[in-house]
Amino acid sequence: MIRLNLIHNSNNINKVDRIRQLKVHNKILGDLVTASKKQDYMTYETRLNNRFGKTLGYEIFSIDDCTSWANGYSIHVEEDYRNKGFNFGEILRLSSIITMVENKIKTFYIYSVKTAPFFHAKYKFFPDISSIGNAENILNTIITKCKDKNETLKNEAEELLENIISINNTKSIDIFCKDTNNILNEYMQIVLNDKNKYKSHPFPCGFNMKLTLDEILKNKDYFNSLFAKHNINYKI
């Protein structure tokens, strides 16, 4: 089990007051701690370190106080600790969710590489595709993967793809992308509900995603259950 609590004294000094510091105890790796620092006037880095100062994972993101937006540039877990039940990526993501709530950040934008959308979707990130080329690639993937599995969603994707191809109108791009995002989100939630099957549903390309503060508040019971899972003394 991993135990998380707020940390008040540590050799790993947190240098950013606005980002809450967390202490982690792992039964295999011992005491771990998050520590955040400012890289420049808007960019921050949160690292998860062991007691010897070795970094196990990190997230780099920026906060724009003028717009109340954040942009995530990278969330990374060292290779030796991936897919082994340590949940370091989840701990880092929960840290940034707490940061969103406490700093009233309205939207957190990311670009997900093609191997990571399902990870982000678990934490209620929503697709934010704005390119017709990306939309066509994603819809073709859904059509192929939904064949003989979810006929309704497959038909919706086929109809939308036909409209995109046949209607050459730049005014329709926003509508097509919005509809693609809705279909894609439904597809990812279906896959996520089929435990551990997401690895057999790769995407041909990465795409933008976003998490809103409203979505966090709407799903606060879910996030509170994740805090409780890690014994984080925090509730939304």
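So here's what we get for this one:
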quantity	calculated
Qualifying trypsin sites (Lys or Arg not before Pro) for region 143-200 [loop in DSSP, other Cβ within 10 Å: at most 10]	K147, K195
Relative contact order (%) - region 107-236, alpha-carbon pairs under 8 angstrom, separation at least six	44 percent
Accessible surface, per residue, of region 145-210 when the full set of protein chains is kept, probe 1.4 Å, Å²	63 Å²
Order of exposure, largest accessible area first, which applies to Y58, Y222 with probe 1.4 Å	Y222, Y58
Where labels lie 7 Å past Cα in the beta-carbon direction, separation of T144 and W69 in nm	3.2 nm
For the chain, built as a Gaussian network whose Cα springs stay under 10 Å, the top-fluctuating residue of A70, A116, A35	A116
For region 93-129 and region 142-198, distance of Cα centres in Å	21 Å
Extended-chain gain in nm, criterion 0.36 nm per residue less alpha-carbon gap, N224 and Y41	62.8 nm
Helix-only CD estimate at 222 nm, as mean residue ellipticity for the chain, using -39500 (n - 2.57) per DSSP H run (n ≥ 4)	-11500 deg cm²/dmol
Candidates S96, S166, S130, ranked by Gaussian network fluctuation over the chain, Cα under 10 Å, top entry	S166
Gaussian network model of the chain, springs between alpha carbon atoms under 10 Å - residue of G57, G30, G85 with greatest fluctuation	G85
Carbon/sulfur fraction of accessible area - the chain, other protein chains in place, 1.4 Å, %	46 percent
For F207, distant residues with modelled amide H under 5 Å away	S112
Region 1-141: proportion of alpha-carbon pairs further apart than 21 angstrom, %	45 percent
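The values are calculated or read from the model by the stated rules, or taken from the named source; none is laboratory data. All values derive from a computational prediction rather than experimental measurement. Heads up, the Cβs are rebuilt from the backbone with ideal geometry, glycines too, and the neighbour counts pull from every protein chain shown. The area values use the complete protein model at the heavy-atom level, side chains included, leaving out ligands, DNA and RNA. Shrake-Rupley method; radii C 1.70, N 1.55, O 1.52, S 1.80 Å.
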